[in-house]
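One structure is given below, encoded as structure tokens.
The values are calculated or read from the model by the stated rules, or taken from the named source; none is laboratory data. It should be emphasised that the depicted structure is a prediction, and the values quoted were computed from it without experimental measurement. Glycine gets a Cβ as well: all are built from the backbone with ideal geometry, and neighbour counts include every protein chain shown.
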Amino acid sequence: MSAPSCCRRRVRVIATSVASVWITCASAMAQSEPAPSVPPTPAPPAEPASIPTTDEPIEASSKSAQNNPIQGEITPELGDSVDRGLRYLASIQNPDGTFGRNRYSRNVAVVALAGLAFMADGNLPDRGRYGEVVRKALDFVIASSTETGLLVAEGSHGPMYGHGFACLFLGEVYGMNPDDERVRDALVRAVQLIQNSQNNEGGWRYNPVPNDADVSVTICEIMALRSARNAGIKVSRETIDRAVQYVRDCQNADGGFRYMLQPGQSAWPRSAAGVASLNYAGIYKDDAIDRGLEYLNRNAFPDGGGPGSQTHYFYGHYYAVQAMYLAGGERWARWWPAIRDEVIARQSEGGAWSDFQFGQAYSTSMALIILQMPKRYLPIFQK
């Protein structure tokens, strides 16, 4: 069954509210609280998708999943899982808009990702079932905007990670509500900081200074720039061209991506980020993307048990599902049911997902963004 007609209509409305598409990591911990006991509301029933086996060849397709949903994308189990996850995440929001209780609860990356998780359900600041949750998250991110434009809160490690996610969040909010001058001001200054801190290789690193760079931070900034450009904020073409070349230069012969320009091994989470970064720079048909997608199928197919498949699990699949969604065709038809069912199976009874390294607020936000791709609400995920 394809996405409901009301969903498709809403996507078209949202898509018209942003400018035409031209361009387009993770560090946080949070402790959990029990979710309130509220009966979930399942999504409409759907027929199961026909999933090709992983041994079959995958044909390249120029048709993204944006307007080509596969059969059975949204199932009752997905609706139940998302509903419980959103309720849990809302239950651990603090009065200041942050999420969780430990020393990383004020990290802007986690707050931004949580905000995006609720927006992926169709909520906007003060609009929708979780409108107040999104508004409080937005207030915190705006309050974290410094004089330099850096979006950062106390206790942040690797501030450019958080800055990229927070800037992406602001871009998505502003694209849907261009009348909020607070958001525009913070977004414009955040974009300028990204452009000013690009290093001579074309990438970005942990701190807002143009020294070294890595693929993981670079994708955060590329997505932020893409979202801002979609929303009508001016972004330098030269900045994007240099970023694209940096990402290309980090690809290995096996199709995967290494961490930096220096010789190194490929790893599937940063390879997913590498493919996604090319997509968000406006590149959808390219040999580098095809080779990257094949690398992901060999090394990170859900439940495939590939080498290191559990390392940075939520971070990697957050980018991998975007890459497969934008690739569309057989790639999406194969990947989506597998990752959907795998992520749902990892959810706790209370509605949370756990990541022992980064905490439940982070992992729950990432899981919810992954699971809500077929809702097609966030403009950043469209070509």
Pairs needed: first member in the stretch 329-350, closer than 11 Å to Ile70 by Cα; second member anywhere, at pLDDT 95 or above and among the aromatic types (Phe, Trp, Tyr); C-beta distance under 7 Å; at least 6 residues apart or different chains. Trp332/Tyr325
All-but-one check, Ala273 against (1) surrounded by fewer than 23 Cβ atoms within 10 Å (Cβ to Cβ); (2) in contact with a Cys (Cβ under 8 Å, 6 or more places away or on another chain); (3) assigned to a helix (DSSP H, G or I); (4) of a type outside the set (S, T, N, Q), failing number (1)
With among the small types (Gly, Ala, Ser), more than 25 Å from Tyr295 (Cβ to Cβ) and surrounded by 24 or more Cβ atoms within 10 Å (Cβ to Cβ) as the only criterion, which of Gly232, Gly203, Gly175 stands out? Gly175
Check the stretch 22-42 and report whether any residue there is surrounded by fewer than 20 Cβ atoms within 10 Å (Cβ to Cβ), part of a loop (DSSP other than H, G, I, E, B) and modelled with pLDDT of 70 or more. no
Within the stretch 64-82, can one find any residue that is buried (at least 24 other Cβ atoms within 10 Å of the Cβ), at negative phi and either over 21 Å from the mean Cα position of the chain (by Cα) or not in a loop (DSSP other than H, G, I, E, B) (or both)? yes
Could you count how many residues in the stretch 276-298 are of a type in the set (Phe, Trp, Tyr) and either assigned to a helix (DSSP H, G or I) or touching a His at 6+ places or on another chain (Cβ under 6 Å) (or both)? 2
In the stretch 73-122, which residues are modelled with pLDDT under 95 and hydroxyl-bearing (Ser, Thr, Tyr)? Tyr104, Ser105
Residues that are more than 20 Å from the chain's Cα centre (by Cα), at least 2 per element: which helices (runs of 4 or more DSSP H) completely within the stretch 141-256 meet that? 181-196, 237-249
Examine the stretch 151-171 for a residue that is among the aliphatic types (A, V, I, L, M), surrounded by 21 or more Cβ atoms within 10 Å (Cβ to Cβ) and in contact with a His (Cβ under 6 Å, 6 or more places away or on another chain), and state whether such a residue exists. yes
Closer than 22 Å to Thr98 by Cα, modelled with pLDDT of 95 or more and within 16 Å of the chain's Cα centre (by Cα) - does that describe any residue in the stretch 317-324? yes
Would you call Tyr104 over 19 Å from the mean Cα position of the chain (by Cα), in a helix (DSSP H, G or I) and not basic (Lys, Arg)? no
Among the candidates Val217, Val173, which residue alone is among the β-branched types (Val, Ile, Thr) and touching a Pro at 6+ places or on another chain (Cβ under 8 Å)? Val173
Which of (1) assigned to a loop (DSSP other than H, G, I, E, B); (2) in contact with a Gly (Cβ under 8 Å, 6 or more places away or on another chain); (3) within 26 Å of Leu170 (Cα to Cα) is the odd one out, the single condition Gln347 does not satisfy? (3)
Inside the stretch 334-383, the number of residues satisfying the requirement of being crowded, with 24+ Cβ neighbours inside 10 Å and basic (Lys, Arg) is 2
